[in-house]
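The values are calculated or read from the model by the stated rules, or taken from the named source; none is laboratory data. Just so it is clear, the structure is predicted and the values come from calculations on it, not from any experiment. Cβ atoms come from the backbone with ideal geometry, glycine included; neighbour counts cover every protein chain shown.
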């Protein structure tokens, strides 16, 4: 994981990083957190960023561990959570377990395991699994590959409705080459010049068996179309773009 990159992002976090909690149309993530709320339990936000979810976690659990790789992001998280006393902050690379807390009852990880390296993503999931106590739960939010492909279809549909020919409507994709095809088969989508991992629902259902994590449920976190396009047309409504939210149990 790249500490310098995230320190740079911290300079304009809200401008650079999509806010799942602010754009969640149905408050699915917060509802998932409060579902496991227990005043005697300990929770951890793995990759807390500037602390968007820390207030709701702090009000739902006895103590919160907030982990991030960036000093600057942790400083902003502390500032944003001034007056909340039940949070401990850790600087740590989530692909390493050395400084991670143990015996966590509840874990939250929102759009963190999205880097191109499958090895780093696997190490992050190993860290989380090792930190969770038996029967503890993880709420994991990740980008949806199906949603990314739907957005491509919607763009083509928009172009055709605007009167473009099929060839003209496809111009957005004419620069794709064999590397792009290989990337999409790995679930890697170009987001502002960065290869970003997106997940299939069935991929999530199949990938955690070796980590003693059992899927409880998978559902959508839906967003508005203006999170994908500038000024989308009014007819562009449901189905909306989404992230996957998976609830897992340590077994």
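What is the one condition in (1) at pLDDT below 95; (2) farther than 18 Å from residue 200 by Cα that residue 135 does not satisfy?
The single condition residue 135 does not satisfy is (1).
For residues in region 151-192 being part of a loop (DSSP other than H, G, I, E, B) and within 28 Å of residue 204 (Cβ to Cβ), which is modelled with the lowest pLDDT? Write out each step before concluding.
To start, the set of residues in region 151-192 that are part of a loop (DSSP other than H, G, I, E, B) comprises 162-165, 174-177, 186-187, 192.
If we keep only those that are within 28 Å of residue 204 (Cβ to Cβ) as well, we get 176, 186-187, 192.
Details: 176: 55, 186: 93, 187: 95, 192: 83.
Filtering first and then ranking leaves 176.
Which of the residues that make up region 204-216 are part of a helix (DSSP H, G or I), farther than 15 Å from residue 143 by Cα and in contact (Cβ under 8 Å) with a residue 40 or more places away in the chain? Explain how you work it out, then say what you get.
Applying the first criterion (part of a helix (DSSP H, G or I)) to region 204-216 yields 204-206, 209-211.
Applying the additional criterion that residues be farther than 15 Å from residue 143 by Cα yields 206, 209-211.
Matches in region 204-216: 211 only.
Mind telling me which of the residues 98, 122, 148, 107 ends up being surrounded by fewer than 16 Cβ atoms within 10 Å (Cβ to Cβ) and modelled with pLDDT of 95 or more? Don't jump to the end; show me each part of the working.
Numbers: 98 fails: modelled with pLDDT of 95 or more; 148 fails: surrounded by fewer than 16 Cβ atoms within 10 Å (Cβ to Cβ); 107 fails: surrounded by fewer than 16 Cβ atoms within 10 Å (Cβ to Cβ).
Sole residue among the options that is surrounded by fewer than 16 Cβ atoms within 10 Å (Cβ to Cβ) and modelled with pLDDT of 95 or more: 122.
If you go through region 172-192 one residue at a time, do you hit one that is surrounded by fewer than 17 Cβ atoms within 10 Å (Cβ to Cβ), touching a strand residue (DSSP E or B) at 6+ places or on another chain (Cβ under 6 Å), closer than 30 Å to residue 35 by Cβ and without any contact (Cβ under 8 Å) to a residue 60 or more places away in the chain?
No, every residue in region 172-192 fails to be surrounded by fewer than 17 Cβ atoms within 10 Å (Cβ to Cβ), touching a strand residue (DSSP E or B) at 6+ places or on another chain (Cβ under 6 Å), closer than 30 Å to residue 35 by Cβ and without any contact (Cβ under 8 Å) to a residue 60 or more places away in the chain.
Can you report the number of residues in region 217-251 which are touching a helix residue (DSSP H, G or I) at 6+ places or on another chain (Cβ under 8 Å), in contact (Cβ under 8 Å) with a residue 60 or more places away in the chain and either in a strand (DSSP E or B) or under 20 Å from residue 139 (Cβ atoms) (or both)? Write out each step before concluding.
To start, the set of residues in region 217-251 that are touching a helix residue (DSSP H, G or I) at 6+ places or on another chain (Cβ under 8 Å) comprises 218-225, 227-229, 232-233, 235-237, 239-247, 250.
After this cut, where a residue has to be in contact (Cβ under 8 Å) with a residue 60 or more places away in the chain as well, the list is 219-225, 227-229, 232-233, 235-236, 239-247, 250.
Filter once more, so that each one left must be either in a strand (DSSP E or B) or under 20 Å from residue 139 (Cβ atoms) (or both): 219-223, 241-247, 250.
Total satisfying the criteria: 13.
Go through the residues of region 131-143 one by one and say whether even a single one is within 18 Å of residue 226 (Cα to Cα), in contact with a strand residue (DSSP E or B) (Cβ under 6 Å, 6 or more places away or on another chain) and either in contact (Cβ under 8 Å) with a residue 40 or more places away in the chain or part of a helix (DSSP H, G or I) (or both). Step through it out loud before you land on a result.
Keep residues of region 131-143 that are within 18 Å of residue 226 (Cα to Cα), which gives 143.
From what's left, in contact with a strand residue (DSSP E or B) (Cβ under 6 Å, 6 or more places away or on another chain): 143.
Retained after the next criterion (residues that are either in contact (Cβ under 8 Å) with a residue 40 or more places away in the chain or part of a helix (DSSP H, G or I) (or both)): 143.
Yes, that holds for at least one residue.
Restricting to region 19-46, count the residues that are closer than 23 Å to residue 90 by Cα and at pLDDT below 95.
4
Let me confirm something: among 92, 111, which residue is in contact with a strand residue (DSSP E or B) (Cβ under 8 Å, 6 or more places away or on another chain) and on the phi > 0 side of the Ramachandran plot? Steps first, please.
Numbers: 92 fails: on the phi > 0 side of the Ramachandran plot.
Testing whether each residue is in contact with a strand residue (DSSP E or B) (Cβ under 8 Å, 6 or more places away or on another chain) and on the phi > 0 side of the Ramachandran plot leaves just 111.
Please go through region 216-240 and pick out each residue that is surrounded by fewer than 17 Cβ atoms within 10 Å (Cβ to Cβ) and closer than 19 Å to residue 108 by Cα.
Of everything in region 216-240, those that are surrounded by fewer than 17 Cβ atoms within 10 Å (Cβ to Cβ) and closer than 19 Å to residue 108 by Cα turn out to be 216, 217, 218, 219.
Name the single residue, out of those in region 74-95 being farther than 24 Å from residue 130 by Cα and touching a helix residue (DSSP H, G or I) at 6+ places or on another chain (Cβ under 7 Å), that is surrounded by the fewest Cβ atoms within 10 Å (Cβ to Cβ).
Going through region 74-95, the residues farther than 24 Å from residue 130 by Cα turn out to be 75-85.
Adding the requirement that they be touching a helix residue (DSSP H, G or I) at 6+ places or on another chain (Cβ under 7 Å) leaves 76-77, 81, 84.
Values: 76: 18, 77: 22, 81: 21, 84: 15.
Once the filter is applied, the top-ranked residue is 84.
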